[in-house]
Amino acid sequence: MKKNSKITSNLKSKEVVNKALSNSNEDQLDLYQAIFGGKASANCPVVAVSAKASRASGYDKIDTFLQAAPMDPGAPASPASDSPLG
Amino acid sequence: MYSVTSFVLKIVSRCNLNCSYCYMYNMGDQTYLKQPKFMSLETVQAFADKLKSYCNSTGIDFVQIIFHGGEPLLAKPAYFEKCVAIFKTTIPEIEYVFTIQTNGVTLDDNWYQLLQKLNISIGISIDGPEKYHDEYRVFHNGKGSYTQVAKAIQLGKKYNLRGLLLVVNINIPIEELYAEMKKLDVNSLNLLLPDGHYDQAPFGLDVNRWNDKNYTPYADWFIGLYKIWKQDKERPSIYFFETLVKMIMGQEGIGNQLIGRRTNGVVVLESDGSVEVVDSLRACFEGITRNEINVNTHQLEDLFENDTFQLYYRAHDNVCEQCLNCPVYDICGGGFLGHRYSDENGFDNPTMYCQDMVRLITFIQNDILASLPAESVAQLDIEPLVYKEIINSFDEENDIKIDPEVQQTLVSFKKELQA
Ligand code: SF4
């Protein structure tokens, strides 16, 4: 039997991980929080998420193997802002 | 229907450097010698016309044009102005991303200003700190190019330098590499595995240890780098790692020709107008990408009938049986097609970096699980992957059988059968 290699594969598990990434202050999660757009804003999480989602749509829109960085038109060089897990 | 959105234009077929690992000049492929030195503007126009027809018939409204070489900055500044104008006037209705991949040695203020004006993003290739860079990325007289490249990178901070591209050299101590990236103040970096396959080991690999199930030199190097990177709160973006993390976390629809399960929507235009599959496949054997298709006489879609293109486009579905049964297949995707080649089996192999991919993916998955709060992990239906278990499973009977037709296609690419 093949093992599951992906951390989340359904809505429930995505919510669990999103919550952990949003709420934790642990140093060891800093990298993963940075990749997935940081901690949720306490004041306005909805706006934060919608901005992330709009950026995420451009991520990997095209093949990126041949170049130095992902090309997301209009976004800064760092791709570190995709909505994590949909 | 094939959806191709990235077009690599080999606008210059020569280079002012002579990198020792370059597949074009030093890995057995001599086809560049038959190419014109520069792609003519007539050829660019013919390509734009065919691109228009392709985009109109498929509804594609977003295209990336990558100016590549050889060294693309051997072309004149006015050439780039004319190229961009050709695309924008021939197909004004589509959205473009223009990129240039350069060795950086001639990048000065004038070039940066022009490329910025034309909205062409720049990627520079570098091989690491001076000592290592200058071992491989040398001018034709043998002199290293580090000084020029480092200067261009520093200058790029004022302009539209997008990021650096680095072919992994496992002989570079990772601390030295990371310190170099910090010194150059790099904010975005991508890592490439060296070209190579089962009959042509990439540099740095000890072929005597190839059958050792614990030998994962590339993964060991990546993992070392990942650990330093993770600790650094002011870390640069490292695209290769971030893509792996996202896929392991469960994000869908990402990946590229090296990892993941996406299709490979990339086509290369040679300087004579030939339309081909990505040229790094040429490291397998000379002529593998050759065909009769040219923008002056054909439609772009004619390439879609080509066997090599068809295999490459769906390379992450067209994998050997071991990959189909592998627990990390959805992340690794069997690797880059060119890395799977052997004279014995054609492409019916896992990537030659297979063990490295298992080790690296296992490490990242384990690290994410160890970093998440225990109460969150307890709610997930997931177990940590174990490297040894996966490697040992490759010796067991496979549950999933490969489609014989796919296998036959993979094997049919043996050099002797293609000759
Ligand atoms: S890790 Fe190896 S077996 Fe698994 S998908 Fe990648 S190449 Fe195939």
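Miscellaneous remarks
- Charge dipole magnitude, Cβ of K and R +1, D and E -1 - the range B:321-418, Cα centre, debye nearest 20: 380
- For the residues of B:375-382, the average number of beta carbons from a partner chain within 10 Å of their own beta carbon is 6.
- Cysteines without a disulfide-compatible neighbour (Cβ-Cβ under 4.7 Å), chain B: B:Cys15, B:Cys55, B:Cys83, B:Cys284, B:Cys320, B:Cys323, B:Cys326, B:Cys332, B:Cys354
- Helices assigned as whole DSSP H runs in chain B whose Cα atoms extend at least 30 Å along their own long axis and whose mean Kyte-Doolittle hydropathy is -0.5 or higher are not found.
- Extents of chain B, taken as max minus min of Cα coordinates on every principal axis and listed largest first, are 58, 51, 44 Å.
- Cα-based shape type of the range B:37-141, given that a ≥ b ≥ c are square roots of the gyration tensor eigenvalues and the cut on a/c is 1.5: prolate
- The mean sequence separation of alpha-carbon pairs under 8 Å and at least six residues apart, normalised by the residue count of the range B:321-418, gives a relative contact order of 40 percent.
- Karplus 3J(HN,Hα) series, Hz, for the range B:317-323 with 6.51 cos²θ - 1.76 cosθ + 1.60 (x for Gly, Pro): 9, 7, 10, 6, 5, 4, 5
- Shape category assigned to the protein assembly as shown from the gyration tensor of Cα positions, a/c cut at 1.5: rounded
- Peptides ranked, highest mean first, by Cβ atoms within 10 Å: ranges B:404-416, B:335-347: B:335-347, B:404-416
- Residues whose amide H lies under 5 Å from that of B:Val12, counting only those 5 or more places away or on a different chain, are B:Met39, B:His68; hydrogens are built 1.01 Å from N in the peptide plane.
- Three-way shape call for the range B:44-83 based on the alpha-carbon gyration tensor, with the a/c threshold at 1.5: prolate
- Residue-averaged beta-carbon neighbours from other chains (10 angstrom radius) around B:385-392: 1
- Packing around the peptides B:85-94, A:17-26, taken as the average count of other Cβ atoms within 10 Å per residue, puts them in this order, highest first: A:17-26, B:85-94.
- Note on the protein assembly as shown: dipole from Cβ charges, positive end direction compared against B:Val63, B:Leu300, B:Tyr341; the farthest Cα belongs to B:Val63.
- Taking only alpha carbon atoms, the range B:321-418 gives an Rg to Rh ratio of 1.08, where Rh is the Kirkwood radius.
- Dipole magnitude of the range B:24-182 about its Cα centre (Cβ charges: Lys, Arg +1; Asp, Glu -1), debye to nearest 20: 360
- Inter-chain shielding of B:280-289 (mean C-beta neighbours from other protein chains, 10 Å cut-off): 0
Readers should treat all values here as calculations from the given coordinates under stated rules, not as data from a laboratory. Quick caveat, the model's predicted, so the values are computed rather than measured. Glycine also receives a Cβ, built like all others from the backbone with ideal geometry; neighbour counts cover every protein chain displayed.
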